[in-house]
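**Student:** Have a look at the structure that comes next, please.
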Amino acid sequence: MDIQGQKDEVLRSLGLGQLNSGTYYGMWAETHGRESITSNSPIDGRETAEITLTSDEDYERVIAAAEESFTKWKSIPAPRRGSIVREIGEELRKNKANLGRLLSIEAGKTITEGEGEIQEMIDVADFAVGLSRQLYGLDIASERLNHRMMEQYMPLGTVAVISSFNFPASVWSWNAFIAAVCGDVVIWKPSSKAPLTAAAIMRVVERINKRLKVPEAFFLMVGDGKKTGNKISNDTRIPLVSFTGSVPIGKKISENVAKRLGRSILELGGNNAAVVTEKSDLKLAAKGVSFGALATAGQRCTSTRRLILHEKVYDQFMEKLKDIFQRAKIGNPLDSSTVVGPLIDQEAVAEFKAAIADARKHGGKVLFGGKDAEIKDLQGGHYVVPAIVEANPEMEIVKKETFAPILYVFKYRNLEDAIRIHNSVPQGLSSAIFTQDLREVEEFISARGSDCGIVNVNTATAGAEIGGAFGGEKETGGGRESGSDSWKGYMKRQTITINYGSDIPLSQDVSFPV
Ligand code: UN1
């Protein structure tokens, strides 16, 4: 069956027909009279869906519905909000295989990664349910007689989540489920490269809402990235914008939001490195590095893009790595034996090639791959052979995030050098060290070590669990999403002072002689 047919079958199994409307505000906007975009599967390059864009009138409808809903949603006790999220999580659990497959068809992820992404949503839902009973504030000792001070967290309002094509479902849930238990309502602007997955997920969410007859907490607008991104980021009715995507767009979004003194959570580019020391378990390290480099065909913000390898184990490690690259099957991601699926589009393929050409021009040596991959019967797909490129850490191209499977390799002599190379890029998302030496571990996680938001020891830069706070430093934007206390970013903090005495003693011993 062709990809189009497989998509139809998945939608049928999900109990959904053709999805065409890209706007949800408690109901689906009509498709009539709207512009639309097509979503093409990177597997064969052919169209899988046509989804209408949110018109200017629709945009106002969504905002109005979200504001109206917020007044109700925020009044529902947090644990009750949590139980609604739990039902959504259950529905996702039931539909994990089908949603995962749809995601694979639209974004080109391997089946296990497509399903893994839905699992990531389920995990966040579980986390959010527990969190809904743990939105703790503080009691603070007051210096004034008969006074009590405390801190409480309150819902913020309408949160916009602008997500990217590479994690078209779970990144939304990292934000949306947490924000929802916090009492916020969420408008989702998915990537225009993955609107079908978003529309399908919203249908699943809608099903739960309608069954439970609860106020809407989730809204959808599919829009042209630039125009809608501008509208959202300049809209004072949206106190928080969470953006996942490129550095240049992230800068623009955060500039717009800052101009109106709104809040933003940014999860921008990564240029993650793995340090493999002479004291590492080379077999384990080779697996960790290759997973980091090859998963999602190098299109994760957490992908391993740079390998910093100790000179003493250089040859031995490279042999192991090349062997894994050689064995990693490239092709149809719906085949369970495939390791490397397609890139999202031809533009990504062009960027992959341009980066390799640039590296070559500046003295880089391609040790493996770095070219188109021809896949029989899938001529229209966007397949490449992942590249390993021996490079120099000073080269311009290695400081850039190219969203494709290119692993630049550098040799180092001592750990201090390795860490210097590691930190010598503008981005600061994820990092890894492979070593069995406690001193090397501690050095890497010390203040002299990795400058990233995520630090891994003996495991890959990619594949973070939802329980930790996800995000990075420097050009990655400083945002934190998903686990730990990231929820605080979706709430406003109130410091409350209660005087239960019969006088007004003043703080700082100030007197008020009236
Ligand atoms: C992303 O690439 O935007 O850590 C998110 C990981 C996944 C999430 C990646 N859990 O690789």
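The values are calculated or read from the model by the stated rules, or taken from the named source; none is laboratory data. On a predicted model such as this, the values are computed, not experimentally measured, just so you know. All Cβ positions, even for glycine, are placed from backbone atoms using ideal geometry, and neighbour counts span all protein chains on display. Ligands, DNA and RNA are excluded from the accessible area calculation, which covers all protein heavy atoms including side chains. Shrake-Rupley method; radii C 1.70, N 1.55, O 1.52, S 1.80 Å.
**Student:** Can you give the Rg/Rh ratio of region 226-370, where Rg is from the C-alpha atoms and Rh is the Kirkwood radius?
**Tutor:** 1.08
**Student:** Note the full-extension length gain between ALA258 and LEU284 as 0.36 nm times their separation in residues minus their Cα-Cα distance, in nm to one decimal.
**Tutor:** Answer, rounded to one decimal: 5.0 nm.
**Student:** Dipole of region 272-470, Cα-centred, from +1 at each Lys and Arg C-beta and -1 at each Asp and Glu C-beta, to the nearest 20 debye?
**Tutor:** With only Lys, Arg, Asp and Glu charged at Cβ, the dipole is about 280 debye.
**Student:** Also: May I have the extent of the alpha carbons of region 353-494 along their three principal axes, as whole Å values ordered from largest to smallest?
**Tutor:** Principal-axis extents of the Cα atoms in region 353-494, largest first: 57, 41, 27 Å.
**Student:** Could you work out the Kirkwood radius for region 111-200, taking every pair of different alpha carbons, averaging 1/r and inverting it, reported in Å?
**Tutor:** 15.1
**Student:** Given the protein chains as shown and a 1.4 Å probe, how many square angstrom of SER511 are accessible, to the nearest 10?
**Tutor:** Estimated to the nearest 10 Å², SER511 gives 90 Å².
**Student:** Pull up all non-local amide H partners of GLU473: gap of 5 or more, or a different chain, and H-to-H distance under 5 Å with H placed in the peptide plane.
**Tutor:** GLY428, LEU429, GLY453, GLY478
**Student:** Among ILE433, TYR24, ILE84, pick out the residue whose Cα is farthest towards the positive end of the charge dipole of the chain, where Lys and Arg carry +1 and Asp and Glu carry -1 on C-beta, about the Cα centre.
**Tutor:** ILE84
**Student:** Looking at region 272-470, send over the antiparallel percent of its DSSP beta bridges, to the nearest 5.
**Tutor:** Of those bridges, close to 20 percent are antiparallel.
**Student:** Grab the DSSP H runs of the chain that are 4 residues or longer, score each as -39,500 (n - 2.57), total them, divide by all residues and round the 222 nm result to the nearest 500 deg cm²/dmol.
**Tutor:** Computed mean residue ellipticity for the chain: -12000 deg cm²/dmol.
**Student:** Calculate, axis by axis, the spread of Cα positions in region 1-106 along the three principal axes, and write the results as whole Å, longest axis first.
**Tutor:** Principal axes ranked by extent give 49, 35, 20 Å for the Cα atoms.
**Student:** Where Lys and Arg each count +1 and Asp and Glu each count -1, what net charge lies around ALA64 among other residues with Cβ under 15 Å from its Cβ?
**Tutor:** -4
**Student:** Along the charge dipole of region 272-470, pointing to its positive end and built from +1/-1 on Cβ of Lys, Arg, Asp and Glu, which listed residue (ALA447, ILE356, SER336) has its Cα farthest out?
**Tutor:** Most positive-ward Cα: ILE356.
**Student:** Over region 424-468, what is the relative contact order in percent, taking alpha-carbon pairs closer than 8 angstrom and at least six residues apart?
**Tutor:** After rounding, I find 48 percent.
**Student:** Local charge sum around ALA160 (other residues, Cβ-Cβ under 12 Å, Lys/Arg +1, Asp/Glu -1)?
**Tutor:** Neighbour charge sum, excluding ALA160 itself: +2.
**Student:** Just read off the accessible area of THR110 with the full protein assembly in place, 1.4 Å probe, to the nearest 10 Å².
**Tutor:** The accessible area comes out at roughly 10 Å².
**Student:** Quick one: Cα centre-to-centre distance for region 479-508 and region 139-166, in angstrom?
**Tutor:** Using only Cα atoms to place each centre, the spacing works out to 6 Å.
**Student:** Determine the share of the chain's accessible area contributed by carbon and sulfur atoms, expressed in whole percent, with a 1.4 angstrom probe.
**Tutor:** 49
**Student:** Using a cut-off of under 20 Å, list every residue of region 44-59 whose amide N is near the label point 7 Å from the Cα of ALA350 along the Cα-to-beta-carbon line.
**Tutor:** Within reach of a label on ALA350: 44-47.
**Student:** Per 20 Å bin, what is the whole-percent P(r) computed from every C-alpha pair distance within the chain?
**Tutor:** So the P(r) values, bin by bin, are 23, 52, 22, 3, 0.
**Student:** For region 408-500, what's the relative contact order in percent, using C-alpha pairs closer than 8 Å and at least 6 residues apart?
**Tutor:** Relative contact order for region 408-500 comes out at 24 percent.
**Student:** Normalised by the empirical 2.2 N^0.38 Å for globular proteins, what value does the Cα Rg of region 272-470 take?
**Tutor:** 0.97
**Student:** Set the Förster radius R0 to 56 Å, insert the Cβ-Cβ distance between GLN18 and ILE504 as r into 1/(1 + (r/R0)^6), and round the FRET efficiency to 0.05.
**Tutor:** Efficiency computed from Cβ-Cβ geometry: 0.25.
**Student:** Still on this structure, I have one more. Please report the antiparallel percentage of the DSSP beta bridges confined to the chain, to the nearest 5.
**Tutor:** Roughly 40 percent of the beta bridges in the chain run antiparallel, per DSSP.
**Student:** Suppose all protein chains stay in the model; what accessible area per residue would a 1.4 Å probe give for region 229-367, in Å²?
**Tutor:** The answer is 41 Å² per residue.
**Student:** If the cut-off is 16 Å between C-alpha atoms, which lysines fall inside it for LYS213, apart from same-chain ones fewer than 8 positions away?
**Tutor:** In chain and number order, the partners are LYS72, LYS74.
**Student:** Please tell me the relative contact order of the chain in percent, rounded to the nearest whole number, where contacts are Cα pairs under 8 Å and at least six residues apart.
**Tutor:** 17
**Student:** For the chain, which span is the longest to avoid every loop-located (per DSSP) member of chymotrypsin sites (Phe, Trp or Tyr not before Pro) having at most 10 other Cβ atoms inside 10 Å?
**Tutor:** Answer - 137-499.
**Student:** Can you tell me the length gained on complete extension of the stretch GLN134 to ASP335, counting 0.36 nm per residue apart and subtracting the Cα distance?
**Tutor:** In short, 68.2 nm is gained.
**Student:** Sort all Cα-Cα distances of region 30-189 into consecutive 5 angstrom bins from zero, then give the percent of pairs in each bin up to the one containing the longest distance.
**Tutor:** That works out to 2, 8, 13, 15, 16, 16, 12, 7, 4, 2, 2, 1, 1, 0, 0, in percent per bin.
**Student:** If you don't mind, another one. Taking all protein chains together and a probe of 1.4 Å, list LEU334, LEU138, LEU438 from the most accessible to the least accessible.
**Tutor:** LEU438, LEU138, LEU334
**Student:** With a sphere of radius 11 Å drawn around the Cβ of MET318, what net charge do the other residues whose Cβ falls strictly inside it have (Lys, Arg +1; Asp, Glu -1)?
**Tutor:** Net of charged neighbours comes to -1.
**Student:** Between the alpha-carbon centers of region 224-302 and region 61-128, tell me the distance in whole angstrom.
**Tutor:** One Cα centre to the other: 21 Å.
**Student:** Same structure again: Pop a pseudo-label 7 angstrom from the Cα along the beta-carbon direction at both ASN230 and THR71 and give the gap in nm to one decimal.
**Tutor:** 3.2
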